[in-house]
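The values are calculated or read from the model by the stated rules, or taken from the named source; none is laboratory data. Since this is a predicted model, take the numbers as computed values, not measurements. Glycine gets a Cβ as well: all are built from the backbone with ideal geometry, and neighbour counts include every protein chain shown. Remember, those area values only see protein heavy atoms, side chains included, never the ligands or the DNA or RNA. Shrake-Rupley method; radii C 1.70, N 1.55, O 1.52, S 1.80 Å.
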Amino acid sequence: MEFYRSHVLVCTGTGCTSSDSRLVKSRLQKEIEDKGLEKEVRVVETGCFGFCNLGPIMVIYPEGTFYCQVKPDDVKDIVEEHLIKGRPVQRLLYREVDKEIKTTDFENIDFFKSQKRIALSNCGLINPEKIEEYIARDGYFALAKVLHEMSPRDVIETIKKSGLRGRGGGGFPTGMKWEFAYNSKGDQKYVVCNADEGDPGAFMDRSVLEGDPHSVLEAMAIAGYAIGANQGYIYVRAEYPIAVERLGIAIKQARELGLLGKNIFSKGFDFDIDLRLGAGAFVCGEETALLASIEGRRGEPRPRPPFPAVEGLWGKPTIINNVETFANIPHIIRNGAEWFASIGTEKSKGTKVFALAGKINNTGLIEVPMGTTLRTIIYEIGGGIPNGKKFKAAQTGGPSGGCIPAKHLDMEIDYDNLLSIGSMMGSGGMIIMDEDTCMVDIARFFLEFTQDESCGKCPPCRIGTKRMLEILTRITEGKGKPEDIETLETLALTVKNASLCGLGQTAPNPVLSTLRFFRDEYEAHIFDKKCPAGVCQALLTYTILQDKCRGCGLCARNCPVEAITGKVKEPYVIDAEKCIKCGICLEKCKFGAVVKK
Ligand SMILES: Cc1cc2nc3c(=O)[nH]c(=O)nc-3n(C[C@H](O)[C@H](O)[C@H](O)COP(=O)(O)O)c2cc1C
Ligand code: SF4
Ligand code: SF4
Ligand code: SF4
Ligand code: FES
């Protein structure tokens, strides 16, 4: 076995790859060879660290030095200064928001300090393309344990006792789902992993697959043993090429070591996994549509019951679980149900991975214990709202979720609390909004997405979401009618109650939750013809403050429709009739004389 004095971990997740981390890695490898250090320093390609907007990320062990935004040209300094002279390269260290001192140690960075990593524990730490690295982190120990020491019933009881609930959106108890499939009679059963991940902005599952694919394979084999299945499928979207590639490598390596295939651990248990690529339709993440798509049919939901655990793939009992749900399984088997159940809240156990985005300083992927408050996520991990702006709302649950206002900043985030305020956990999208966000426009944005993704099979969703979108659009265009709020509410409830699948049943959530917490904004749009956040173009008016205008004429020279007139050194004026609200004058004026209201 070779020993190295330094390990340099370079992230090659999708985010960092798109900012050239592979070039950084190859330059580093070459520089290390040129300096004759290849027997002392090892370069390791890893999956995502979670801090993707600061990519490419590099961490050097044993010090744990965290470098961000590393460019290929920085490699020389990293080798000469850090690896040869032992001096961190100051300019590449991370500086916390509002702090003078740069942090050298990866684990002391606020973004990582309050996190607890279970599903993501190997991401950013191991090379996902090397099964030995997964095994060195106790990988496949849980599979060995269930095959040697546990009956299928024991496995199901353990998962039930752990309190694990599905991370794909609905939060259904995983152990119970496995028990249904176990109890279903069938000569053939299947295990399916839902890696469709269609929520805009979500990349939790992609990161697990890119950073730790074996954890999902191992969990699927455990599930197969528990329910009596010998075949698994991973349904992953084709837009995730790195995840697809790494899954392919992982499956091949697991087969070569006999961890997939026939007679695993010589225990007479057969299990294999194949990939199925999805074309990226949001509705194909819905379990019955997904199964139809695997079978080669059009990806359309069907009524349940029968549930897949009874009649799933090709009519056979099938369990379908989300990537993150699976990623928790080996940890539960290794560490015990009690350990897992000791993390989180009474009814939501373990951790949850969120994709933190929007108006927040630290965007990226985080994993926190269930029950962590929004305040901790936004202000401790996320570093607060940029430019001193005020927090307005957090959207959880993606297009099916709701907006949580500031008064719930201290609410513990778990499945039930989110539902109680009209939102939902969903798969873990979390978009932070500040005072400059228009809540009517946000509701319109999400509804536009779900309306576009509706498969059209059932009229309440197909027609109802279309009518709701028309109303929201006209409100944001300043053409709202007094009865619109009531009509929206009636339509929302009808679509929710009468739609066939979860897409339609949850599509009105963003509208209902914004109506519940931000009704005054709807009223301002409809009755006062104003957008309080200053977002909806049609409702804005641009004016020049006469006392501030220096009469420089810059705005007038740039106005594309000659709506601004005046004499040099005298205050200019805007002709509201001609103004097309492009905002150029506001941008150009150096004296703060142009305002939009
Ligand atoms: C429109 C729609 C899209 C969905 N997309 C996904 C998805 O991308 N990934 C996922 O795991 N679950 C998705 N779900 C939930 C699945 O139907 C299913 O509940 C889930 O895969 C079950 O796994 P779990 O119990 O581990 O959460 C979606 C549901 C709906 C209604
Ligand atoms: S609710 Fe919408 S997405 Fe679901 S089946 Fe009906 S039309 Fe299709
Ligand atoms: S750019 Fe500003 S200061 Fe100059 S004329 Fe226009 S409003 Fe007045
Ligand atoms: S917003 Fe655009 S169109 Fe209107 S006055 Fe300013 S520059 Fe002219
Ligand atoms: S992809 Fe590199 S930190 Fe996320």
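Identify the single condition in (1) free of Cβ contacts under 8 Å to residues at least 24 places away in the same chain; (2) open to solvent by 40 Å² or more (accessible area, probe 1.4 Å); (3) more than 14 Å from ligand 4 (Cβ to nearest atom) that PHE591 does not satisfy, given that it satisfies every other one.
PHE591 satisfies every listed condition except (1).
For region 1-49, what are the residues that are touching a Gly at 6+ places or on another chain (Cβ under 7 Å) and part of a loop (DSSP other than H, G, I, E, B)?
GLY13, SER19, GLY47, CYS48, PHE49, listed by residue number.
Please determine, by comparing only the residues of region 7-43 that are among the aliphatic types (A, V, I, L, M) and open to solvent by 10 Å² or more (accessible area, probe 1.4 Å), which one is farthest from GLU367 (Cα to Cα).
The first filter runs over region 7-43 and keeps only residues among the aliphatic types (A, V, I, L, M), leaving 8-10, 23-24, 28, 32, 37, 41, 43.
Cutting the leftovers down to open to solvent by 10 Å² or more (accessible area, probe 1.4 Å) gives us 23, 37, 43.
On the way: LEU23: 29, LEU37: 36, VAL43: 26 Å.
Step by step, filter region 7-43, then rank; the result is LEU37.
Quickly run through region 128-168 and pick out the residues that are assigned to a loop (DSSP other than H, G, I, E, B) and open to solvent by less than 70 Å² (accessible area, probe 1.4 Å). Full working, then the answer.
Our first condition is that a residue be assigned to a loop (DSSP other than H, G, I, E, B); within region 128-168, this holds for 128-130, 137-140, 150-151, 163-164, 166-168.
Listed by number, the residues that qualify are PRO128, GLU129, GLY139, TYR140, MET150, SER151, GLY163, LEU164, GLY166, ARG167, GLY168.
How about region 225-242: which of its residues are in a helix (DSSP H, G or I) and open to solvent by less than 10 Å² (accessible area, probe 1.4 Å)? I'd like the intermediate steps shown before the answer.
Of all residues in region 225-242, those in a helix (DSSP H, G or I) come to 225-227, 241-242.
Hits for region 225-242 are ALA226, ILE227.
List pairs: first residue in region 259-275 and in contact (Cβ under 8 Å) with a residue 24 or more places away in the chain, second residue part of a loop (DSSP other than H, G, I, E, B) and open to solvent by 60 Å² or more (accessible area, probe 1.4 Å) anywhere in the structure, Cβ distance under 6 angstrom, at least six positions apart or on different chains.
Filtered contacts from region 259-275: ASP270/ASN230; PHE271/ASN230.
If we scan region 329-337, do we find a residue that is open to solvent by less than 40 Å² (accessible area, probe 1.4 Å), free of Cβ contacts under 8 Å to residues at least 24 places away in the same chain and over 20 Å from PHE112 (Cα atoms)?
No, region 329-337 contains no residue that is open to solvent by less than 40 Å² (accessible area, probe 1.4 Å), free of Cβ contacts under 8 Å to residues at least 24 places away in the same chain and over 20 Å from PHE112 (Cα atoms).
Looking at region 557-564, can you tell me whether even one residue there is away from ligand 1 (no atom under 16 Å from the Cβ) and modelled with pLDDT under 95? Give the steps one after another, and end with the answer.
Initial filter on region 557-564 (away from ligand 1 (no atom under 16 Å from the Cβ)): 557-564.
Checking the rest, the ones that are also modelled with pLDDT under 95 come to none.
For region 557-564, residues away from ligand 1 (no atom under 16 Å from the Cβ) and modelled with pLDDT under 95: absent.
Which of the residues spanning region 188-203 are in contact with a Lys or Arg (Cβ under 8 Å, 6 or more places away or on another chain) and either away from ligand 2 (no atom under 16 Å from the Cβ) or open to solvent by 40 Å² or more (accessible area, probe 1.4 Å) (or both)? Steps first, answer last, please.
Pass one, region 188-203, residues in contact with a Lys or Arg (Cβ under 8 Å, 6 or more places away or on another chain): 188-190, 195-198.
Those that are in contact with a Lys or Arg (Cβ under 8 Å, 6 or more places away or on another chain) and either away from ligand 2 (no atom under 16 Å from the Cβ) or open to solvent by 40 Å² or more (accessible area, probe 1.4 Å) (or both): GLN188, LYS189, TYR190, ALA195, GLU197.
So which of THR376, THR318 is over 22 Å from VAL216 (Cα atoms) and either at pLDDT 95 or above or open to solvent by less than 30 Å² (accessible area, probe 1.4 Å) (or both)? Steps first, answer last, please.
Details: THR318 fails: over 22 Å from VAL216 (Cα atoms).
One residue alone meets the criteria, THR376.
Within the set of pairs 6+ apart or on separate chains, which have a first residue in region 97-111 that is part of a strand (DSSP E or B), a second that is among the aromatic types (Phe, Trp, Tyr) and open to solvent by less than 80 Å² (accessible area, probe 1.4 Å), and C-beta atoms under 6 Å apart?
THR103/TYR94
Need the failing condition index for THR396 against (1) modelled with pLDDT under 95; (2) touching an Asp or Glu at 6+ places or on another chain (Cβ under 9 Å); (3) closer than 29 Å to ARG165 by Cα, just the number.
If we test THR396 against (1) modelled with pLDDT under 95; (2) touching an Asp or Glu at 6+ places or on another chain (Cβ under 9 Å); (3) closer than 29 Å to ARG165 by Cα, just (2) comes out false.
Scan CYS549, CYS585, CYS555 and give me the residue that is in a loop (DSSP other than H, G, I, E, B) and either hydrophobic (A, V, I, L, M, F, W, C) or surrounded by fewer than 20 Cβ atoms within 10 Å (Cβ to Cβ) (or both). Walk me through it before giving the result.
Working: CYS585 fails: in a loop (DSSP other than H, G, I, E, B); CYS555 fails: in a loop (DSSP other than H, G, I, E, B).
After ruling out the rest, the residue left standing is CYS549.
Across region 480-501, what is the number of residues that are outside any helix (DSSP H, G or I) and either touching a residue at least 40 places away in the same chain (Cβ under 8 Å) or within 15 Å of ligand 1 (Cβ to nearest atom) (or both)?
Narrowing region 480-501 to residues outside any helix (DSSP H, G or I): 480-483, 499-501.
Add one more test, that the residue is either touching a residue at least 40 places away in the same chain (Cβ under 8 Å) or within 15 Å of ligand 1 (Cβ to nearest atom) (or both), and what stays is 480-482, 499-501.
Selection size over region 480-501: 6.
Pairs only if they're at least six apart or on different chains, beta carbon under 7 angstrom, first in region 514-539 and within 10 Å of LYS597 (Cα to Cα), second assigned to a helix (DSSP H, G or I) and of a type in the set (Gly, Ala, Ser); list them, first residue then second.
LYS530/ALA524; PRO532/ALA524
Confirm whether THR473 is in a helix (DSSP H, G or I) and open to solvent by 10 Å² or more (accessible area, probe 1.4 Å). Give the derivation first.
Working: in a helix (DSSP H, G or I): yes; open to solvent by 10 Å² or more (accessible area, probe 1.4 Å): yes.
Against the criterion (in a helix (DSSP H, G or I) and open to solvent by 10 Å² or more (accessible area, probe 1.4 Å)), THR473 qualifies.
Somewhere in region 393-407, is a residue assigned to a loop (DSSP other than H, G, I, E, B) and surrounded by fewer than 24 Cβ atoms within 10 Å (Cβ to Cβ)?
If we filter region 393-407 for residues that are assigned to a loop (DSSP other than H, G, I, E, B), which is where we start, we get 397, 401.
Then keep just the ones that are surrounded by fewer than 24 Cβ atoms within 10 Å (Cβ to Cβ); that gives none.
No; the residues of region 393-407 include none that is assigned to a loop (DSSP other than H, G, I, E, B) and surrounded by fewer than 24 Cβ atoms within 10 Å (Cβ to Cβ).
Residue by residue, here is whether (1) under 26 Å from GLY47 (Cβ atoms); (2) β-branched (Val, Ile, Thr); (3) buried (at least 24 other Cβ atoms within 10 Å of the Cβ); (4) touching a Ser or Thr at 6+ places or on another chain (Cβ under 6 Å) holds:
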| residue | (1), (2), (3), (4) |
| --- | --- |
| ARG304 | no, no, no, no |
| VAL310 | no, yes, no, yes |
| ASN322 | yes, no, yes, no |
| ALA327 | yes, no, yes, yes |
| SER348 | yes, no, yes, no |
| ILE366 | yes, yes, yes, no |
| MET370 | yes, no, no, yes |
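More than 16 Å from ligand 3 (Cβ to nearest atom), under 27 Å from PRO213 (Cβ atoms) and small (Gly, Ala, Ser), is that true of GLY86? Lay out the reasoning, then the answer.
On the way: more than 16 Å from ligand 3 (Cβ to nearest atom): yes; under 27 Å from PRO213 (Cβ atoms): no; small (Gly, Ala, Ser): yes.
Against the criterion (more than 16 Å from ligand 3 (Cβ to nearest atom), under 27 Å from PRO213 (Cβ atoms) and small (Gly, Ala, Ser)), GLY86 does not qualify.
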